Each structure stands twice: as structure tokens, then as C-alpha cells.
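Visitor: Dropping the structure in here first, questions after.
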Amino acid sequence: MPIEVSAIEGESGASLRAIADTIVDGVLLIDSAGKVLLFNSACEKLFGCKAVEVIDRDAESLIVEAQRPRFRELIALQREGKAPEAGDSDWLLAGQRQDGSQFPMEYSVGEFQLGEQAVLVVVVRDITDRARMEQELRDSEAQHRAIIESAVDGVVIIDALGSIRLFNPACETMFGFSAQEVLGKNVKILMPSPDYDQHDGYLRHYRDTGERRIIGSGRTVVGRRRDGATFPLELSICETEQGGTKVFVGFVRDMSERKAYEEALQRQVEDLEMARASLEDQGMEMVLLAEELAAAKEQADAANAAKSSFLAAMSHEIRTPMTGIIGMTRLLLDDKLTEDQRDQAQTVMDCATTLLSLLNDILDLSKIEAGHFELDRQPFDLKTLLESTQRLWAGRMDEKGLEFRVISEGDIPQRLVGDAPRLRQVLFNLISNAIKFTDSGYIEVTLSHDEPDDGTVALHVAVRDTGLGIDAAVQERLFEKFVQADRTITGTYGGTGLGLAICRNIVEMMDGTIGLESKLGEGSTFTFTVHLARLSKSAMIVEAAEDETAEGEDEAGAAVDARILLAEDNLVNQSLIRSLLQRLGYEIEIANNGKEAVEALRGGAFDLVLMDSQMPEMDGVTATKEVRKLEGPAGSVPIIALTANAMVGDRERYLEAGMNDYVPKPIEPELLDAAIRRCLRAKAA
Ligand code: ADP
């Protein structure tokens, strides 16, 4: 249908335009052919062109090109009376400005009769701002959704009645429900009792009173998973509005791991606390134990001291009669006897000697245990020591039909400094054992030496026998005290199991070691090393000079005619020593105690005194001190201590009191004679 332009060109047209121009929104009229009939001033602003430029042109030119077919469709629909509602987003169009720019356009279309024409009136509005705002809103919503969807913490939104509106994936993982399962449901399904039963009440209370319980503050509550399991969760809630209604946004965090960690930590703290307490207890116990130990040690020390002095006393008591037995038997053996008598006397001698050696072992052991075992350092001659050892055993070897060999390898220094009696004791013990446990074959003592950097002489000794041998199982323990290889043979061979323990002690004190190699049935080799000092050249020269004088005097020794005073309370010993000295050609007088001895010296002239140590009235040490106070030759008479007190330090004590020498009991005639000669010689010099 042709457009009746006049319809809006006349007077009524002008007023129509005037009305249209007052309208804020853009208004345009389109005739049935799609041409623009009216274009108000709001449209001019919207489209950026004048009405004259648009009038009579196709209205679709005001639409972006791509949407023109859609525009035509819209017009057609309108004609059919089926036009979409204003603002329907499906039919949104974009306006095309003359400068080429576009704008989103909201519009409404109506139809009315203008004269005979059905004219379309289109009201247009630029919704650029709204569209932007809507887009921004959509973006921000998307952002929020993305945050909520990807949040590590669970986010759940409920309405004022407790119905779940949002349930993010973190919540799904946490509670085991899918969002679909819970949306629209009461949030209490996520709670165990009693919260399950009381939650509606909480909400009601809040609605009615506005009194907050947990809103705005975080707290730990218990959640319930889909499978019914409960777990600790931290919950904080905020209140907001959504679509004009009040909603509550809950942020939840599964605290199971943290709680387990905290519990483990707590347990560790408790364990540590317990450990600390138990350590404290142990510490206390240790202190108590240490105190008990100290008390026990004190007791043990006291007991040990008592034992040592008991042993010293016992040894004195036993040695005194032993002196009698051995001395008298020796005298007896020197007399003319029948063969039977000699055998019997020899048996007495053997038994007494064994008893004495046992006594010595026990004494040594008590010294070792009391820590009183000390070594002497005196010059000695190795050759002499070996020869005397060889001599000592020669008879016994012959008796058993054993061969005795002593082999010295290399140029061993002969003049040495050390404790010769103790060295002899070790040799004595090993050889005595070798003889005891060997019935045929030989016993061989091999000596060698080396000189380490420390300036000592390391003397290596091996005592080898072809006897019983020792079971490997006991070899290692043999050097412990009271250990014997085979107790069943103890009856046959006797012994206490102390000898080797004492040997080890002596050897170790001489900075050495002791060991053995043995095979049952084939024999044993005991080896030991001791460190000794070499005698200095100057000491050797002095010694050589002394030896010369000694030899000279010794030759005349047989002719010594000396008057000796014996101070001794024991009658057996008096008679024994008297016989001994008389046989050696000395003249002798007896004093029964120290006091008598001092008196005798005041009254008469003596060349020498033999002084027992323990005597009634006045002991030997006191008597010696008294003698040394005497005027004239009596005050300087040589005094030899005779004593069964063989404890360490005795010798020093006697020498300190003013005695000149020392002879142990039981008395060895040779030792006594040698001591007497030494003292007389010194006196003469
Ligand atoms: P005792 O000889 O007094 O028993 P020892 O300590 O000297 O004590 O010796 C301990 C044990 O070692 C002896 O009882 C013996 O069984 C064993 N023994 C020592 N030397 C030998 C040896 N040469 N041959 C075989 N057995 C030996």
C-alpha cells in the first residue's frame, strides 16, 4: 500500500510530529511498505542523523545489516498481530547509526490506522548502558560462580527457611551428596543429631528475635556425610540478600585431617611429656641408685679393707707356725735319717711348701683385689734368675723323667731393672704348671727380646710343654681367677686356679701381655712379654765394684764370727733360728720381746740384731726406734726384720723405723745368711 505522506504532513501531521518530539524515547512511524514516515528528535539523537535524511527511506536501514531479515520478520509478525513482547531478548535488535556505530536497542511496536493506512509505530530506546550493566552483572555472576565452584572450601547457601539454594563442588566432595540431591532440601540433612532436630528452631528463633548464634563467627561443628558418617567441620556464616530475600551463606571446611593431625600432635606432646616424666623418674632412680651404689661401695671398701687386714693377720698367724714346720723339717732332713724317715720328712716338707705357695697366692690375690699390688724396681741379673730357676726345678724334672731346656735367642741384655721376684714368680708358676700337667717329653723355656722405641727391653718368654694340653673352650677363661681347665683332674693335680690370674696381673703391670696356644693331648705353650729397663752403664760400674768387695768378703764369709741377738717371742722359731744360726757358725742370744732386746743391747755388745715384727710388750718397729736412740755402737747396730707380714709397704715401714734389711718368714736359710753377711759387710765398710 502506498504511503500517504500527507497524513503526517498536514496540520495533524505537524502536531503528531510535535507530540512525537516531546517523547523521550525514539519514535518512528513506518508505512506498510517499510518506509519511514516519522522520525522524532529523540530518534535523530539515537541514530545520529536528521529526520529528513531518513524519511521515505527503508526503515530497515536503521538496523544493522545482519539483522535486517530478522527485522522484516518482526514487521511481518506484527502485521499478523503476533508481535513479540517488548524487551523479549530473543528479538533484541541493534540499531545502525549513520556514523557506522551500533547500539543495542529495546523497542516496542504498535499499529494504528492513519487514514486508510495501517501504520507501524516503533518506540526505540538505546539500552547500551543497561546492556553493559547486565553484561557486567553476568560477568560478575560468572566470576562469583567460578569462585564458588572452584573454592577449596565448601559453600552452601540456604534461604531463611533452611532450604538449600547453592551447594558447590567442594561441598559435594565433603558431604558426598551431589548438588542436585540437596538443592531445595532442608540444610539439616547435612547435620547429625541434635543439630538435625534443632536447626529449624535455630532459624525460627533468629527470624523472630534477630538474635545471632553463629552468624558472623566461625566455629567448629559436626557435619554428617551422605553415608551417615560424621566429621568435624569449621563453619562460618554470613547473612545477605538474594533476589530481595534473606539468605545465609555458609562456608565450611573439613577439619578431619587437621583434627587428626592435632590429635596426633597432642598424642605426641603427651608421649613426650610421658617420656620426659619417665626420664625424670629414671634420673631420680639413677640418683638413688648412685647413692645406694656409693653406700654399697663404701661398705664393700670397708669389707675389702677388713678382708685385707684379716688376710694379713691370718697370713702372719699361719706363716709363723709354717716357719717352724719348714725350718724344722729342713733341719731334720739335714740330719742322718733312715730312708723311711727321710721319705716322711720330705712329704712333710712338700706339703708345707704347697701350703705356703697356696698362702702366697691367696695373699697376692687379696693385694690385687685391694689395689695394693705393687711392683718393685731393683737391678737384677737375668742369667742368675734363669739359672736359679733351672736349679730349682732340675730335681723335679729328673724325678718325672722330663727333659728341661732353656734357650736364649739373640743377645739378650742381662743386667736389667724390674721386679725380679715377681718375674721369677710368673716363670715359677708356668714351669710348675708345665711340670704338673706333663708326664713325658720335655719342657722348654725360650727367651728372646726386642727393644721398642720407648727405651724399654721387651722380654718375650715362651714355656712349652708336651703334656695334657688344654681344651680350646676354656683357654680364654684360664687367666681368670679360680678357673681350671678340668675340675675332675684337680683332685689328681691339686691347685686353686689362682696362679695364672696372678701371672696375668703381674705381666700386665709390667706393661705386657700373656697368652697361650694349646691342643688337647699335644701340649701347651704359654707366652708372655714384659717390659723391663736396661741397667744404666754408671749403675753397672758401681755394681761391679760392689760385687768385687762382696766376693772378697764372701770368701772370708765362712770365717765370720759374729754375735747375733734374736728378738723373737715364738719358742719354735727361737729354737729353729738358733739351730740355723749355729749351723752357720754364729753365736746367738735370745730376747723374748722388743723390750728385752733393747735391754740386752744396753748391757752387751752385739754385731747384729734379728728382729721379729710382732711381739708382746714391745713390737719390732718400736724396739728398733728405741735402739736407734741408744748411745754408742749399740745405737747403730744392724737390724734385720724377720717378719711374716708380707703386705706391701712393710719393707718401707721397717726401713723407715731404722731397720737395715728384711727377711720374710718362713725363713730361707740362704736368704737369711745372705742378709746377715750383707749387713755385716756394710757395717764393716
Ligand atoms: P692351678 O694350677 O693352681 O689350678 P693355674 O691358674 O695356674 O691354677 O692354672 C689353671 C688351670 O689351667 C689348671 O688347673 C689347669 O687346668 C690349666 N693349666 C695351666 N697350665 C697348664 C699346662 N701347662 N698344661 C695343661 N693345663 C694347664
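The values are calculated or read from the model by the stated rules, or taken from the named source; none is laboratory data. Since the structure is predicted, the reported quantities are computational estimates derived from the model, not experimental observations. Here Cβ is always computed from backbone atoms with ideal geometry, including for glycine, and neighbour counts include all displayed protein chains.
Visitor: State whether one or more residues within segment 232-246 are in a strand (DSSP E or B), in contact with a helix residue (DSSP H, G or I) (Cβ under 6 Å, 6 or more places away or on another chain), on the phi < 0 side of the Ramachandran plot and not small (Gly, Ala, Ser).
Guide: Checked segment 232-246: at least one residue is in a strand (DSSP E or B), in contact with a helix residue (DSSP H, G or I) (Cβ under 6 Å, 6 or more places away or on another chain), on the phi < 0 side of the Ramachandran plot and not small (Gly, Ala, Ser).
Visitor: I would also like to ask the following. If you go through segment 496-513, how many residues are among the small types (Gly, Ala, Ser) and away from the ligand (no atom under 13 Å from the Cβ)?
Guide: First pass over segment 496-513, keeping only residues among the small types (Gly, Ala, Ser): 497, 499, 501, 512.
Cutting the leftovers down to away from the ligand (no atom under 13 Å from the Cβ) gives us 512.
Of the residues in that region, 1 qualify.
Visitor: Can you report the number of residues in segment 160-196 which are touching a helix residue (DSSP H, G or I) at 6+ places or on another chain (Cβ under 8 Å) and outside any strand (DSSP E or B)?
Guide: Total meeting the criteria: 19.
Visitor: Which of the following residues is within 30 Å of Asp153 (Cβ to Cβ), surrounded by fewer than 11 Cβ atoms within 10 Å (Cβ to Cβ) and out of contact with any Gly (no Cβ under 7 Å at 6 or more places or on another chain): Gly283, Gly250, Gly228?
Guide: So the residue among Gly283, Gly250, Gly228 that is within 30 Å of Asp153 (Cβ to Cβ), surrounded by fewer than 11 Cβ atoms within 10 Å (Cβ to Cβ) and out of contact with any Gly (no Cβ under 7 Å at 6 or more places or on another chain) is Gly228.
Visitor: Can Arg487 be described as closer than 30 Å to Glu444 by Cβ, under 60 Å from the mean Cα position of the chain (by Cα), among the basic types (Lys, Arg) and at pLDDT 65 or above?
Guide: no
Here is a yes/no grid of residues against (1) of a type in the set (A, V, I, L, M); (2) closer than 30 Å to Leu382 by Cβ; (3) modelled with pLDDT under 85; (4) surrounded by fewer than 17 Cβ atoms within 10 Å (Cβ to Cβ):
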| residue | (1), (2), (3), (4) |
| --- | --- |
| Phe528 | no, yes, no, no |
| Leu532 | yes, yes, no, no |
| Leu535 | yes, yes, yes, no |
| Ala545 | yes, yes, yes, yes |
| Glu551 | no, yes, yes, yes |
| Ile564 | yes, no, no, no |
| Gln574 | no, no, no, no |
| Arg578 | no, no, no, no |
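Visitor: Kindly provide the set of residues from segment 203-223 that are more than 30 Å from Glu262 (Cα to Cα) and either modelled with pLDDT of 90 or more or outside any loop (DSSP other than H, G, I, E, B) (or both), ordered by number.
Guide: If the condition is that a residue be more than 30 Å from Glu262 (Cα to Cα) and either modelled with pLDDT of 90 or more or outside any loop (DSSP other than H, G, I, E, B) (or both), then Leu203, Arg204, His205, Tyr206, Arg207, Asp208, Thr209 are the ones that fit.
Visitor: Give me the residue from segment 376-393 that is surrounded by fewer than 16 Cβ atoms within 10 Å (Cβ to Cβ) and within 51 Å of the chain's Cα centre (by Cα) and, out of that set, farthest from Asn505 (Cα to Cα).
Guide: Gln378
Visitor: Which one is farthest from Val461 (Cα to Cα) among residues in segment 497-518 that are β-branched (Val, Ile, Thr) and in a helix (DSSP H, G or I)? Before the answer, list the steps.
Guide: First pass over segment 497-518, keeping only residues β-branched (Val, Ile, Thr): 502, 506-507, 513-514.
Filter again for in a helix (DSSP H, G or I), leaving 502, 506-507.
Numbers: Ile502: 17, Ile506: 14, Val507: 11 Å.
Top of the filtered list is Ile502.
Visitor: Quick check on my filter: what residues within segment 237-271 are closer than 23 Å to Asp197 by Cβ and among the small types (Gly, Ala, Ser)?
Guide: Result: Gly250, single match.
Visitor: If you don't mind, another one. Give me the pairs, please: first residue somewhere in segment 187-198 and within 19 Å of Val249 (Cα to Cα), second residue anywhere and crowded, with 19+ Cβ neighbours inside 10 Å and among the small types (Gly, Ala, Ser), beta-carbon distance under 8 Å, and either six or more positions apart or on two chains.
Guide: Listed by first residue and then by second, the contacts come to Val187/Gly250; Leu190/Gly223; Met191/Gly223.
Visitor: Being modelled with pLDDT of 90 or more and away from the ligand (no atom under 13 Å from the Cβ) narrows it down to one of Ala458, Ala462, so name that one.
Guide: Ala458
Visitor: With the structure loaded, tell me whether Leu427 is more than 9 Å from the ligand (Cβ to nearest atom), hydrophobic (A, V, I, L, M, F, W, C) and either within 25 Å of Glu522 (Cα to Cα) or in contact (Cβ under 8 Å) with a residue 60 or more places away in the chain (or both) or whether it fails that test.
Guide: yes
Visitor: Out of Arg422, Arg396, I need the residue that is within 16 Å of the ligand (Cβ to nearest atom), surrounded by 12 or more Cβ atoms within 10 Å (Cβ to Cβ) and either more than 49 Å from the chain's Cα centre (by Cα) or hydrophobic (A, V, I, L, M, F, W, C) (or both). Which one?
Guide: Arg396
Visitor: Every residue in segment 431-455 that is in contact (Cβ under 8 Å) with a residue 60 or more places away in the chain and within 12 Å of the ligand (Cβ to nearest atom), please.
Guide: Across segment 431-455, the qualifying residues are Ser432, Asn433, Ala434, Phe437, Thr438, Gly441.
Visitor: Sticking with this one: Test of understanding: among Leu516, Leu478, which residue is at pLDDT below 90, within 10 Å of the ligand (Cβ to nearest atom) and in contact with a strand residue (DSSP E or B) (Cβ under 8 Å, 6 or more places away or on another chain)?
Guide: Details: Leu516 fails: at pLDDT below 90.
Testing whether each residue is at pLDDT below 90, within 10 Å of the ligand (Cβ to nearest atom) and in contact with a strand residue (DSSP E or B) (Cβ under 8 Å, 6 or more places away or on another chain) leaves just Leu478.
Visitor: Say we look at segment 465-475 and pick out the residues that are near the ligand (Cβ under 9 Å from one of its atoms) and over 42 Å from the mean Cα position of the chain (by Cα); which of these is surrounded by the most Cβ atoms within 10 Å (Cβ to Cβ)?
Guide: In this case the residue turns out to be Asp465.
Visitor: Every residue in segment 252-311 that is touching a residue at least 60 places away in the same chain (Cβ under 8 Å), out of contact with any helix residue (DSSP H, G or I) (no Cβ under 6 Å at 6 or more places or on another chain) and not in a helix (DSSP H, G or I), please.
Guide: Of everything in segment 252-311, those that are touching a residue at least 60 places away in the same chain (Cβ under 8 Å), out of contact with any helix residue (DSSP H, G or I) (no Cβ under 6 Å at 6 or more places or on another chain) and not in a helix (DSSP H, G or I) turn out to be Val252, Arg253.
Visitor: Looking only at segment 613-639, count every residue that is among the charged types (D, E, K, R) and touching a Lys or Arg at 6+ places or on another chain (Cβ under 7 Å) and tell me the total.
Guide: Selection size over segment 613-639: 1.
Visitor: Going through Ala118, Ala76, Ala66, Ala131 one at a time, which residue ends up being assigned to a strand (DSSP E or B) and surrounded by fewer than 18 Cβ atoms within 10 Å (Cβ to Cβ)?
Guide: Ala118
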